[in-house]
Amino acid sequence: MSSSTVSRQTSLVRTKPTPGIKTGPSLRRSRDNVSGWTFAAPFLVFFLVFLIWPILYGFYMSLTGKSLTGANDVLIGFSNYSEAFADAGMWRSLGNTLYFTVISTVPLVLVALVMAALLNIGLPAQWLWRLSYFAPFLLASTVVSLFFVWMYNPQLGLINDFLSKFGIPKIGWLNDPNVAMWSIVIATLWWTVGFNFLLYLAAMQNIPAQHYEAASLDGAGAWRQFFSITLPQITPTTVMIVLLQILASLKVFDQIYQMTSGGPGGSTRPVVQYIFETGFTGYRLGYSAAISYIFFGLIVLVSALQFVITRRRSA
Amino acid sequence: MANTTLTRSVPRTEPGQVIRQPRKKLTVGKAAAIVVAAVLAVLWLVPFAWATVTAFKSEADASASKVSWIPPSGFTFDAFASVFQAGNIPLWTWNSLYTSAAITLITLVISALIAYALSRIDFKGKKLLMTAIIASIIVPPPVLMIPLFYQMLAFKMIDTPWAIILPQVIHPAMVFVLKRFFDQIPRELEEAAVMDGASRIRIFMQIILPLSRPILAAVAIFVFIGAWNNFLWPFISTNDDSLLTLPVGLQTIKSAYGVQYAQNMASALLAALPLIVVFLFFQRQIIKGISTTGLAGT
């Protein structure tokens, strides 16, 4: 502790020194302990009950044969895990989640970047563009799913009707196992790209104007300025957006469950849905807790990567 | 001394309200940019437009095999009338509103209190506490759903609003957003109050909180939108029809209405309306809020 804070503390405590009673800094310190934990207490209660406890309890569950009917509540060691690692259904759903993550993250970052770059040029009616790009983010997943299931309808849907004008045959957007995941990605892009777009826009508008002025004097055009000023300046934002997007995409569940229920033939079923179904439809809580932990491990891995990258950047 | 500190402005993050680049005259490049932006905007508005047109069609026109933007038998409010007769949407909206409001309020109170302690008070175990909260940012909610459901069963909270509300009030990332902001408030502002013997809680309520309105609003917006649109947890923790939130309720209409496309779209639009209207009124605050909290992680 620095000397300045110590001297400030003593001057602030206005108690007369009485022998035998804690005074000055030490009184202050024990008071700080009490008030610190008092301020922290309300959050801590929720934190312990609804986050720490379920994490620990979930791990315990994963070591039991617990089911929703209450039977088999005994420790069975790691056999749920060994079963999961041999479970083709789990691997397939994990594969679907990873596939979705890869093919959704790229457009969700690139399109957001393009949108922000376009606005940053200084287009008129900024609010109008922001409203159009960002508004879908305010919708619940169910609303998005209703919109897109209707537009994807193979017979009556807007999209197939539009394509038929160019002689393109009807596509089974959500019924064709080769297409369904891409259709989910398109809907997701429409829904959440506005969030990344806003983060990019904020980052671009924080770039000092002098950078651009200097570049203009040197005769650099808009294109050149984008690549040699804007893009390098927003690199930290890009890193964060990519990592946050990967983490968000790995958790995908809502829109897939609502649009295809994981079909056709399990071709879009993500791992979160597999956990959900094993637990609540199959009643195997212990087993689904084990799969949750395998999934958790994956998230921890990605987060560790994020930590290493951001650490290296700031170091 | 006091005067200078009081006039010192509080740090504020205001991501670009101004376009700093000098406006140039319309060039070919800029015209091209407008065209591309416009194409994207149209693509992004089409789903809204198509849903709206469908919602104002008769069911017969909506399911006609020929797709039309202007229905042969004209526009009608029938779909909305049927949806209102079914009577679920207002109830679901109310459920979403009060649960999201409660989640936002509780989150703000408990997060601001602990953020203040982390920012201003030196207490034993603070480092450990910070590490635990930072580490918890990575816990994905789906991992908690199985044990949390079981726990809520044990608490006999399943099918009560508490099951929806209580597990959603922990936002470790928001604690750090608030802490970072509190860290930037000059300590001198509090010293005068401390001299007068003001208690911690008074300093927090009368000095820190009023100076933190922008960040509190940002956090509130972020938490509220998340809670309002959350699907997975309310879906798991409620079966009672009278407790369904909007996103979960909408999921049930698909099976109930089957192929009634106009009614489906009318319901979806009614569900979308509240936040869109709020956004139209508070566009600047919401955009600022998302920009300041968004990178903190979810």
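The values are calculated or read from the model by the stated rules, or taken from the named source; none is laboratory data. From a predicted model like this one, the values you see are computed outputs, not experimental measurements. Using ideal geometry, Cβ is built from the backbone for each residue, glycine included, and neighbour counts are taken over all protein chains shown.
Pull out all pairs, ordered by first then second residue, where Cβ-Cβ is under 7 Å, the residues are six or more apart or on different chains, the first lies in the stretch B:265-294 and is modelled with pLDDT of 90 or more, and the second is of a type in the set (G, A, S) and in a helix (DSSP H, G or I).
B:M265/B:A51; B:M265/B:A55; B:A266/B:A55; B:A266/B:A79; B:A268/B:A51; B:L269/B:A51; B:L269/B:A55
Are there any pairs with C-beta distances below 6 angstrom linking a residue in the stretch B:196-213 that is in contact (Cβ under 8 Å) with a residue 40 or more places away in the chain to a residue that is not in a helix (DSSP H, G or I), with the two at least 6 apart or on different chains, and if so which?
Close Cβ pairs satisfying both conditions: B:L211/B:V10; B:L211/B:I185.
Restricting to the stretch B:155-189, and then to whatever is part of a helix (DSSP H, G or I) and facing another protein chain (nearest Cβ under 10 Å), can you tell me which residue is farthest from B:L244 (Cα to Cα)?
It comes out as B:V175.
Please find, within the stretch B:35-64, the residue that is farthest from the other protein chains (Cβ to nearest Cβ) out of those that are part of a helix (DSSP H, G or I), touching a residue at least 24 places away in the same chain (Cβ under 8 Å) and among the small types (G, A, S).
Among residues in the stretch B:35-64 that are part of a helix (DSSP H, G or I), touching a residue at least 24 places away in the same chain (Cβ under 8 Å) and among the small types (G, A, S), the one farthest from the other protein chains (Cβ to nearest Cβ) is B:A55.
Does the stretch A:119-166 hold any residues that are in a helix (DSSP H, G or I), over 20 Å from B:Q283 (Cβ atoms) and among the polar types (S, T, N, Q), and which are they?
Answer for the stretch A:119-166, where residues must be in a helix (DSSP H, G or I), over 20 Å from B:Q283 (Cβ atoms) and among the polar types (S, T, N, Q): A:S141, A:T142, A:S145, A:N160, A:S164.
Here's the yes/no breakdown for (1) of a type outside the set (D, E); (2) within 27 Å of A:Y257 (Cα to Cα); (3) modelled with pLDDT of 90 or more:
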| position | (1), (2), (3) |
| --- | --- |
| A:T105 | yes, yes, yes |
| A:G157 | yes, yes, no |
| A:K170 | yes, yes, no |
| A:I207 | yes, no, no |
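Provide a single number: the residues in the stretch A:140-158 that are of a type in the set (V, I, T) and more than 29 Å from the chain's Cα centre (by Cα).
0
Mind listing whichever residues of the stretch B:266-297 are at the interface with another protein chain (Cβ under 7 Å from one of its Cβ atoms) and outside any helix (DSSP H, G or I)?
Step one: filter the stretch B:266-297 for residues at the interface with another protein chain (Cβ under 7 Å from one of its Cβ atoms), giving B:268, B:271-272, B:275-276, B:279, B:283, B:287, B:290-291, B:294-295, B:297.
Once the filter is applied, which keeps residues that are at the interface with another protein chain (Cβ under 7 Å from one of its Cβ atoms) and outside any helix (DSSP H, G or I), the stretch B:266-297 yields only B:G297.
Looking at the stretch B:246-265, is at least one residue within 28 Å of B:L153 (Cβ to Cβ), within 11 Å of chain A (Cβ to nearest Cβ), within 15 Å of the chain's Cα centre (by Cα) and not in a helix (DSSP H, G or I)? Quick ask: steps written out before the conclusion?
The initial filter retains those residues of the stretch B:246-265 that are within 28 Å of B:L153 (Cβ to Cβ), namely B:246-256.
Checking the rest, the ones that are also within 11 Å of chain A (Cβ to nearest Cβ) come to B:246-254.
Among the residues that remain, those that are also within 15 Å of the chain's Cα centre (by Cα) are: B:246-247.
Adding the requirement that they be not in a helix (DSSP H, G or I) leaves none.
No, there is no match, as no residue in the stretch B:246-265 is within 28 Å of B:L153 (Cβ to Cβ), within 11 Å of chain A (Cβ to nearest Cβ), within 15 Å of the chain's Cα centre (by Cα) and not in a helix (DSSP H, G or I).
Condition first: without any contact (Cβ under 8 Å) to a residue 40 or more places away in the chain, facing chain B (nearest Cβ under 9 Å) and polar (S, T, N, Q). Now tell me which residues in the stretch A:237-277 satisfy that.
A:T237, the sole residue that qualifies.
What's the number of the condition A:A214 fails, among (1) within 11 Å of another protein chain (Cβ to nearest Cβ); (2) modelled with pLDDT under 90?
Only one criterion is unmet by A:A214, namely (1).
Answer yes or no as to whether B:L118 is of a type in the set (A, V, I, L, M, F, W, C), in a helix (DSSP H, G or I), buried (at least 17 other Cβ atoms within 10 Å of the Cβ) and at the interface with chain A (Cβ under 7 Å from one of its Cβ atoms).
no
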